[in-house]
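One structure is given here, and the rest of the page talks about it.
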Amino acid sequence: MRLVKVELTRLLWRRAVLVLLALAVVLPLAVLVLRVVDTRTQSFDDIVAENGSYVVDEVEGCVRHPGRYGVGGADDVTAACQRVIAGWYGNSPLDLVEEREAGGALAAILLVTMVLMLAGITFAGHDWNTGSMSNQLLFEPRRERVWLAKAVAVGLLTAALAMAVLVAFWTGVWVTASVRDLDIPAHAVSAGYKQAVLGAGFATGAAVFGYALTMLLRSTVGTLGVLFAVGFFCVVVVAGVLGLEGGVERVMPWGNFVAYAVGGYEFYDYDACVMDMSGGGCDTGETIKRSAAVLYFAVIWVVVAIPSLLSFRVRDVP
Amino acid sequence: MSGETSSTVIETRGLRKEFSGRKGTRVAVADLDLTVRAGEVHGFLGPNGSGKTTTIRMLLGLASATAGEMAIFGQTVPRALPEVMARVGAVVESPKFSPNFTGRQNLRLLARSVGVGDARVDRAVETVGLTGRDRERYKTYSLGMKQRLAIAATLLKDPALLILDEPTNGLDPSGIREVREVIRGLGDAGVTVLLSSHILAEVQQVCTAATILGNGRTLASGSVAELIGTSTSQRVVTPDLAAARTALEAAGLRVTGQDGPALLVETDRPAEVTRALGEAGVWLTELNPVRADLESIFLEVTQSERLGGQIAWPTPGATDGGPA
């Protein structure tokens, strides 16, 4: 416990880490503000001012031919046309379900995750870059304890921050929807908070993963290089060149992330139909379940964390 | 470990470290035997690359040994390091701290990791003369201040053994003197010190015993007085150096060189010189034993190692090596 406190102090005294923690607060907040602004209720005049006079032309066309716009039987055709055209050009109202499944909430989790992973990387990288790791081991030679204390410190701090930020984000979304008197589907709020908790767990895992990978590679630059290379390999080589057919998407990080955060991810495997010789209809739809996504990320985490701890135990420390 | 005594603070037997790389295996430390006894300020001498730092790093658990045994305070390390490190302070190579933390912050983190309070930090800072500068960022420190901070870190644990690897590297003359005073003071207070250095005058001034390393092996070891006292040369001044050389060589003595008006003769028996010259009718003007300093001993012993020579220097097993 003493070591964990020391490592927490070391973490909080690091300016680079503090900057990243601040970013982990500011970036999701910025996403929330953008979502609040993007979903604000607009008057027709606001829509015209934002999109130009062709909106007015469109309304006039609607008034001339209301049947084409589906408002043929309206009492006030002009008002009905304005509503329809506003729906096309104006903001979509805040939708809690969409926000959770494909909107700002996912972006917030992703941003918090990336920034906190960087915090874990820079925390460990600093010890190696400055050579102060050897100094620390002269005071606590039980290396596995040092590794674990640092990991726990990174985990505790990032878990607390991620939880606070993501819960605050979802509270912001909920409050905004309530204030605007929007329709809030049953369980949408509880599902949102559940996602915030899951997101905090994901961000924490990523931060400790970044720490563990840096402890393994002993270099901030090396770790970032590996992550970049893996990202490049996944996105550009596998997805771009080879394509996502044949179930490759099942092992892509993005699909698994969405599956984890939302509860499932659907994709289409067209190769399955090419290979299907039965002659009947072929269902190309595939789903990554949350449990599969948890397993996917857990395997990646363990594959890095265990060798990191073992190598730290036995390798010479410069 | 065999040969261990209650007064032995550091002992290595057959210690070996190999580094494997693309160009093959390099032996950094080869079957090193080292004994440091309680109360010694023990110099650890050797040319660059002789294995001093690697040995220290193995003792402290920062590097693993390929073979051999090590003990600190009679306990086998690295297994017993968690028990013994509470009594060991060490500076390995250059000081390594977080550059953006103040000196005090760096010390506080280390102190807290061993459950030591801020009062000890204050005392350590004061001991090394960093009071007033300890709240400045480490990256603004001069090399001398960094070295002092590193020594302050070793004092946080109230150590019974200090292992210092080149602690005066890069210091200005006053800094060197201050650090030497600190080391001497610790030695006087009963702290055993292993001082790795290639500054021979420093070792001679500060240390009570020394071990000389070459190519990872122990070349000589013993008290500094013993090492210096192992003088094997005589300085012979005569009016006729050529005749003297002929007479000495005829008597089976080896003339190793000429130093101005004098011949240097390798023998620890001056009577052989006077007899050989007397029998040849060459009269002596001066005959002095060459007073070796540690530098000449070091050069001689490391040169001998390079040439594969067999000079009989004291070795750990051949001397009691106690404090002078």
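Calculate what fraction, in whole %, of the accessible area of chain A sits on carbon and sulfur atoms when a 1.4 Å probe is rolled over the protein chains.
For chain A, the apolar C and S fraction of the accessible surface comes to 66 percent.
For A:Val25 and A:Arg83, FRET efficiency with R0 = 25 Å and r from the beta-carbon atoms, rounded to 0.05?
About 0.05, to the nearest 0.05.
From the gyration tensor of the Cα coordinates in chain B, what semi-axes in whole Å does the equivalent ellipsoid have, largest first, with each one equal to sqrt(5λ)? Intermediate values should be presented prior to the final figure.
Values: eigenvalues 378, 100, 59 Å².
Each semi-axis is √(5λ); the values are 43, 22, 17 Å.
Once the convex hull of the alpha carbons of the protein assembly as shown is built, what does its volume come to per residue, in cubic angstrom?
252 Å³
Sort A:Leu148, B:Leu284 from largest to smallest accessible area, using a 1.4 Å probe on the heavy atoms of the protein chains.
A:Leu148, B:Leu284
From the gyration tensor of the Cα coordinates in region A:44-89, what semi-axes in whole Å does the equivalent ellipsoid have, largest first, with each one equal to sqrt(5λ)?
Taking √(5λ) for each Cα gyration eigenvalue gives 18, 10, 8 Å.
For chain A, just say rounded, prolate or oblate: build the C-alpha gyration tensor, square-root its eigenvalues into a ≥ b ≥ c, call rounded for a/c under 1.5, and beyond that prolate if a/b exceeds b/c, oblate if not.
Prolate is the answer for chain A, as a/c is 1.5 or above and a/b outweighs b/c.
Return the value, in Å² to the nearest 100, of accessible area buried between chains A and B (probe 1.4 Å, both sides summed).
The buried area between A and B, both sides summed, comes to about 2500 Å².
7 Å from Cα along Cα→Cβ at both A:Ile184 and B:Lys23: what's the point-to-point distance in nm?
So the two model labels end up 7.1 nm from each other.
Using per-residue counts of other Cβ atoms within 10 Å, averaged over each peptide, order B:237-245, A:176-184 from highest down.
In descending order of packing, they fall as B:237-245, A:176-184.
Between helix B:103-113 and chain B, what is the angle of the helix's C-alpha long axis to the longest principal axis, kept within 0 to 90° and rounded to the nearest 10?
That helix lies at roughly 80 degrees to the long axis.
Run the numbers for B:Asp172 and B:Ala201: contour at 0.36 nm per residue of separation, minus the present Cα-Cα distance, in nm.
8.9 nm
Quick check of the Kirkwood formula: for region B:231-289, what is the inverse mean of 1/r over all pairs of different Cα atoms, in Å? Intermediate results must be reported in sequence, preceding the final value.
Details: mean 1/r = 0.0931 Å⁻¹.
After inverting the pairwise mean of 1/r, the radius is 10.7 Å.
May I ask you to list the lysines whose Cα is less than 16 Å away from that of B:Lys139, ignoring any residue fewer than eight positions away on the same chain?
List returned: B:Lys96.
In square angstrom, what is the accessible area per residue of region A:63-180 with a 1.4 angstrom probe?
41 Å²
List for region B:62-97: residues with 20 Å² or greater reduction in accessible area, all protein chains versus chain alone, probe 1.4 Å?
Residues passing the criterion (a loss of at least 20 Å², heavy atoms only) are B:Leu62, B:Ser64, B:Pro82, B:Met85, B:Ala90, B:Lys96, B:Phe97.
Within 10 Å of each Cβ of B:109-118, how many other protein chain Cβ atoms are there on average? Let's see the in-between values first.
Details: counts 9, 7, 2, 7, 13, 6, 2, 1, 0, 0.
Taking all residues of B:109-118 together, the mean is 5.
Please calculate how many Å² of accessible area chain B carries per residue, with a 1.4 Å probe and no DNA, RNA or ligand atoms counted.
Solvent-accessible surface per residue comes out at 44 Å².
What shape does region A:47-184 have by the C-alpha gyration tensor, where a ≥ b ≥ c are the square roots of the eigenvalues, rounded means a/c under 1.5, and otherwise prolate means a/b greater than b/c and oblate the rest?
Taking the square roots of the gyration eigenvalues as a ≥ b ≥ c, region A:47-184 is prolate.
Checking buried surface per residue: for region A:116-148, which residues lose a minimum of 40 Å² accessible area in the protein assembly relative to the chain alone (1.4 Å probe)?
A:His126, A:Thr130, A:Asn135, A:Leu138, A:Phe139, A:Pro141
The values are calculated or read from the model by the stated rules, or taken from the named source; none is laboratory data. What you see is a predicted model; the values in this text were computed from it and never measured. Cβ atoms come from the backbone with ideal geometry, glycine included; neighbour counts cover every protein chain shown. Please note that ligands, DNA and RNA were not included when accessible areas were found on the heavy atoms of the full protein model with its side chains. Shrake-Rupley method; radii C 1.70, N 1.55, O 1.52, S 1.80 Å.
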